[in-house]
Amino acid sequence: MKYELPKLSYSYDALEPYIDTKTMEIHHAKHHQFYIDKLNAVLEKYPDLADKKLEELIKDLPNSTIDEADKKAIHNNGGGHLNHSFFWQIMGAKKEVDGFLLEEIKAAFGSQEEFKKIFSHTAAAHFGSGWAWLVRLPAQAGDEIGKLQIYSLPNHDFPYLRGHQPIMVLDLWEHAYYLKYQNRRAEYIENWWNVLKLL
Ligand code: MN3
């Protein structure tokens, strides 16, 4: 199966003024497309891997006997594809606020404001390229659902590799904000809350 660039459910200018049109266009049509092209190119060599779920494929790479450089290419570009696909989905018009998630966040972090503070701080403090995540840990015995946790991961790593379920993600690569915000990552993070549609 060839991976394809997912269509956005909103236009490139829909997240203005917080995320500018040009950044959205380059980010989606160039950066995300680039990861997909690289991923497809390397997977062409391994038709037997074609039907495997991408998350599983990447998770199993350490045990695979394929070429080391190809492992790295699949991990990085496949992670780039998965993370961006998820990132596009959680942004847009704020009409799908998840009341259940909001209650959980309040219970876990004290308040929505405190949650935003911790998440923003984690994102701002991340060194270099990567992603900030809100995840759900596996449920412990006796619990119906797992606890929420915030952390950041480098490059295009993703929570599935740790057995965690992603709930929210923020792209911290400079390509995600540099055109509009240059070195002001904290300002990008602060403004991003306006286009997150979950809360
Ligand atoms: Mn990106």
Self-check item: Max mean-square fluctuation residue, GNM over the chain, Cα-Cα springs under 10 Å, options D13, D51, D171
Solution: D51
Quiz item: GNM on the chain, C-alpha springs below 10 Å: top fluctuator among N63, N76, N183?
Solution: N63
Practice problem: Of the options I36, H164, A132, report the single residue whose Cα projects farthest towards the positive end of the charge dipole of the chain (beta-carbon charges: Lys, Arg +1; Asp, Glu -1). | Solution: A132
Quiz item: Whole number please: convex hull volume per residue of the Cα set in region 79-141, in Å³?
Solution: 136
Self-check item: More than 31 Å apart - percent of Cα-Cα pairs taken over the chain
Solution: 21
Self-check item: Cα shape, region 1-116, gyration tensor, a/c 1.5 rule
Solution: oblate
Quiz item: aspartates and glutamates within cross-link reach of K45: Cα-Cα under 15 Å, excluding same-chain residues under 8 positions apart?
Solution: D37, D67, E68, D70
Practice problem: Please quote Rg/Rh for region 21-89 to two decimal places, taking the Kirkwood radius as Rh and restricting both calculations to Cα atoms. | Solution: 1.01
Quiz item: In percent, what relative contact order does the chain have, based on Cα pairs under 8 Å that are 6 or more apart in sequence?
Solution: 26
Quiz prompt | Reachable lysines, given that their alpha-carbon falls under 18 Å from the alpha-carbon of K22 and they are not under 8 places away in the same chain | solution = K7, K30, K180
Practice problem: Could you check which residue among Y18, Y160, Y188 shows the biggest mean-square fluctuation in a GNM of the chain with a 10 Å Cα cutoff? | Solution: Y160
Quiz item: Once phi is turned into ³J(HN,Hα) by the Karplus curve 6.51 cos²θ - 1.76 cosθ + 1.60 with θ = phi - 60°, what whole-Hz value does each residue of region 110-126 show in order, with x for glycine and proline?
Solution: x, 7, 5, 5, 5, 4, 4, 4, 5, 5, 4, 5, 4, 5, 5, 7, 5
Self-check item: Overall Cα dimensions of region 99-192 - principal axes, largest extent first, Å
Solution: 47, 29, 19
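Bear in mind these aren't lab numbers, they're just calculated from the coordinates by the rules spelled out. The structure displayed is predicted, hence computed values, not measured ones. Cβ: placed from backbone, ideal geometry, glycine included. Neighbour counts: every protein chain shown.
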